[in-house]
1. Tell me, 327, 138 in order of fewest to most beta-carbon neighbours within 10 Å?
2. Summarise the long-distance tail of P(r) for the range 1-94 by giving the % of C-alpha pairs beyond 15 Å.
3. I need 141, 30, 112, 35 ordered by Cβ neighbour count within 10 Å, fewest first.
4. For a footprinting-style exposure proxy, rank 157, 262 by other Cβ within 10 Å, fewest first.
5. Take the alpha carbon atoms of the range 61-147, find their radius of gyration, then divide it by 2.2 N^0.38 Å using N residues; give the quotient.
6. How many percent of all Cα-Cα pairs in the range 214-359 sit more than 23 Å apart?
7. If packing is taken as the average count of other Cβ atoms within 10 Å, what order do 126-137, 18-29 fall into, highest mean first?
8. Grab every C-alpha pair in the chain, bin the distances at 10 angstrom width from 0 up to the longest one, and report whole percents.
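Nothing in this text is a laboratory measurement; each read-out follows from the coordinates by a stated rule. Quantities reported herein were computed from a predicted structural model and do not represent experimental measurements. In this analysis, Cβ positions are derived from the backbone assuming ideal geometry, glycine residues included, and neighbour counts consider all displayed protein chains.
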């Protein structure tokens, strides 16, 4: 890729751990015609690469500030120095922490172009955070982007912002594509000859894996569940599986580097979250040709191919069981990949952000 000769873009995130926001930032750095430097407020490069090995390929683009807990004037000043050192001409922040530090630092550096993306809005129900974000937006005056209509509406409501721009998250369809189910299962040591439902994400209460495990306990042993990801609820979820006596049906895979193979191994993808912004995992699954079943929270409906997928209420085991039965009983000739390719493609997302930066 040839870079724009006048643009060096700073992407600033709270941390660089496996997750949706971080994946979006990496994809933008790959698909935009700018030299991109990615700043992580928290952690160190060594820790991040050990946790997420794909970062090694872009190590030269990564800067870690190892921010301590609480507010730090040192981090604010260091960003100011680094923006000057790297000759940053445009800034893209993600969430409130990067908005605070990088937004104020950009004012000190007189960076004219600042895009701020919100990937969810539930933090705005916290009065203190909502008040802080209102003040920051008034001081910094970035271009505000939401990654889903549901998020944009919440931003307008909580922050009294009328000029929120909608840019949907996009999936790299060259990376996520249909594959051979049995080969993928063998690669991941998953059983063949069964119906396999999968879910991917942090193992945290907000992601609702416990609801999906409860639902799986209602099915025969021919229905299995594969769970990709790690988190603080892993032991609790494993204990739930043991309590329900479905150890042979539930497979904990931990964090995976080869997510395309994971999706390709599935018959159905399910994301039973209790809260979401614009989730990437169901779009990645659908790019691999796998239909998706999602809880109707946040921007999930906007991530779903409506011709092949279903939405259910969060925390509703009975409805989830019924929806799984429905989706497994239907032989739908439509491939959800077409929806992702046409409407949620990474290049469309990158082009929209590029236009904002160059305008």
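1. Working: 327 19, 138 9.
So the ranking, lowest neighbour count to highest, is 138, 327.
2. Details: 2577 of 4371 pairs.
Of all Cα-Cα distances in the range 1-94, 59 percent exceed 15 Å.
3. On the way: 141 12, 30 15, 112 9, 35 18.
Ascending Cβ contact count within 10 Å gives the list 112, 141, 30, 35.
4. Details: 157 11, 262 27.
So the ranking, lowest neighbour count to highest, is 157, 262.
5. Values: Rg = 12.9 Å, N = 87, 2.2 N^0.38 = 12.0 Å.
The range 61-147 yields a ratio of 1.07.
6. Working: 4187 of 10585 pairs.
Value for the range 214-359: 40 percent of Cα pairs lie more than 23 Å apart.
7. Highest to lowest by the protection proxy: 18-29, 126-137.
8. Whole-percent P(r) values from 0 Å outward: 5, 24, 33, 24, 12, 3, 0.
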